[in-house]
1. Name the residues whose placed amide hydrogens come within less than 5 Å of the amide hydrogen of ALA55, ignoring near sequence neighbours (fewer than 5 apart) on the same chain.
2. How do 54-62, 212-220, 289-297 rank on mean C-beta neighbours within 10 Å, highest first?
3. Across the chain, how many lysine pairs separated by 8 or more positions, or lying on different chains, have Cα atoms within less than 15 Å?
4. Given points 7 Å out from each Cα along the Cα-Cβ axis, report the ALA353 to ASP64 separation in nanometres with one decimal.
5. Using DSSP to call loops (not H, G, I, E or B), can you name the GluC sites (Glu not before Pro) in the stretch 75-130 whose Cβ has at most 13 other Cβ atoms within 10 angstrom?
6. Name the residue, out of SER73, SER174, SER149, whose mean-square fluctuation peaks in a Gaussian network model built on the chain with Cα pairs under 10 Å.
7. Restricting to DSSP H runs of at least four residues, report the calculated mean residue ellipticity at 222 nm for the chain, -39500 (n - 2.57) per run over all residues, nearest 500 deg cm²/dmol.
8. Relative contact order, percent, of the chain when contacts are C-alpha pairs under 8 Å separated by at least 6 residues?
Amino acid sequence: ASSPAAPFFSMGGATYRVPMALHALNRARLAARLAALLLPAAAAESPAAVVLQGAVTVTRDDTDHEPLVRQESFFQWAFGVKEPDCFGCVEVGGEGAARSTLFVPRYPESYGVWMGVIKQPEDFKAMYAVDDVKFVDELPTFFTDLNPSKILRLHGLNTDSGNSSTPATFPGISKFTPLLDDALLHPALVSLRVIKTPPEIDLLRHTNRLSSAAHVAVMRLARPGLHEYHLEAAFLHHVYFHGGARHVAYTCICAAATHAATLHYGHAAEPNAGALRDGDIALLDMGAEYHCYASDITCSFPVNGKFSPVQRQVYEAVLAAQKTVFAAMRPGVLYSDLHLAAEREILGGLRAAGFIAGEISEMMAARLGALFMPHGLGHLMGLDTHDVGGYEEGTPARSAEPGLKSLRTARVLEVGMVLTVEPGCYFIESELRRARRGRRRG
């Protein structure tokens with residue numbers, strides 16, 4: 001008899017199929033990494049156990065409205081489960097090394113009326129290629145029967161947000177307090193997420209190709225008389241209609257004219273509402289997300305389809321910086337050195353255009369590049385736009401220097417890392433005034 005088809009995630013039709021083997025491989029990598037860290041305890045009959053908690057269903061303020069749930073990233077990395085309110089366990093060491101158990105909510109019959117067919121454990125087991133599926137209320141019994149040497153929970157700092165992950169908790173967990181270890185798992189998981197597997201790279205490549213096509217469609221649509229939100233709407237339509245990307249990786253930034261000098265324009269107070277006018281430059285920073293894997297693409301173009309001479313000079317300076325970084329990127333290179341190379345190229349372009357004057361070396365020493373590129377060159381990318389591991393323990397520390405302090409990682413590049421390269425040149429009036437007051441001029 002033929003074996004059943006390997007399980008995958010897709011949105012149906014011709015949308016990209018993500019093999020659940022991607023997550024099985026991640027779980028195997030995790031079990032192997034932790035077993036090495038736990039030796040000789042991992043060789044004991046009683047295994048250690050990882051427990052991860054997925055995204056939790058919430059309601060908006062005091063209403064019964066449930067915002068669309070997006071899975072918690074570490075849980076997604078290990079299990080690839082789209083349903084909220086789940087837990088997952090991965091056994092480490094012992095005879096069941098890397099054995100996976102998914103825990104799903106036990107829904108009441110009324111769930112079937114409002115939310116759809118209630119899937120059974122065997123359905124989830126087939127969907128997600130895990131070894132076993134139980135109900136969430138069986139967690140205490142499961143751990144009692146497993147009798148693990150440790151229960152490893154996720155707790156650690158995200159160096160981009162300054163927030164910490166919340167350790168898994170469930171009714172009855174207090175019984176296992178002596179076994180809880182909240183220190184070991186986070187650095188191990190972060191380290192593994194930094195280096196992508198071939199299936200993850202394939203998925204990221206697909207998501208970014210989808211976003212690239214959407215950006216091209218938006219450029220073709222753009223013209224004077226539209227508004228910024230028209231460009232956002234066109235992007236959202238394209239990635240969902242053509243690629244099944246229901247989520248975007250971050251809030252769309254569709255900034256025209258002076259709005260483009262605001263790095264994270266497009267938030268609730270600045271909702272991409274500006275008009276597109278003849279002669280404006282539009283800066284669009286938008287990226288689709290598929291199966292929780294991100295894309296991040298920023299591009300600038302003239303709304304009327306033709307650069308003015310000054311616009312072209314600035315654009316070509318930034319393009320030269322990007323090309324310089326692309327040519328220099330390879331394993332063993334410091335990402336912070338690439339940031340400085342981009343600054344140097346932009347300053348050279350601005351000097352050639354007559355915007356600034358002086359020696360480039362003196363400008364770099366004075367950190368003048370940060371005046372025009374106050375953000376970092378880019379960042380790690382994966383399950384989050386600003387992916388974890390930028391300032392992992394044992395890697396170069398964050399700089400205190402202008403510009404460099406905004407760099408989201410200063411790491412040595414390694415095979416398997418995925419990073420963005422997005423140099424920029426901004427003329428921010430408040431920063432220019434401050435520079436003039438401080439006489440920090442080329």
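1. The list, which skips near neighbours in sequence, is GLU72, ASP85, CYS86.
2. Numbers: 54-62: 11.8, 212-220: 17.8, 289-297: 24.4.
Top of the packing list down: 289-297, 212-220, 54-62.
3. Going through the chain pair by pair, I get 5.
4. Using points 7 Å along Cα→Cβ, the separation is 5.7 nm.
5. Loop-located and lightly packed - GLU95, GLU109.
6. It is SER174.
7. -10500 deg cm²/dmol
8. Values: 815 pairs, mean separation 55.2, N = 442.
For the chain, the relative contact order is 12 percent.
The values are calculated or read from the model by the stated rules, or taken from the named source; none is laboratory data. All values derive from a computational prediction rather than experimental measurement. Virtual Cβ from ideal backbone geometry, glycine too; neighbours counted across all protein chains shown. Keep in mind that these areas ignore ligands, DNA and RNA; they rest on the heavy atoms of the full protein, side chains included. Shrake-Rupley method; radii C 1.70, N 1.55, O 1.52, S 1.80 Å.
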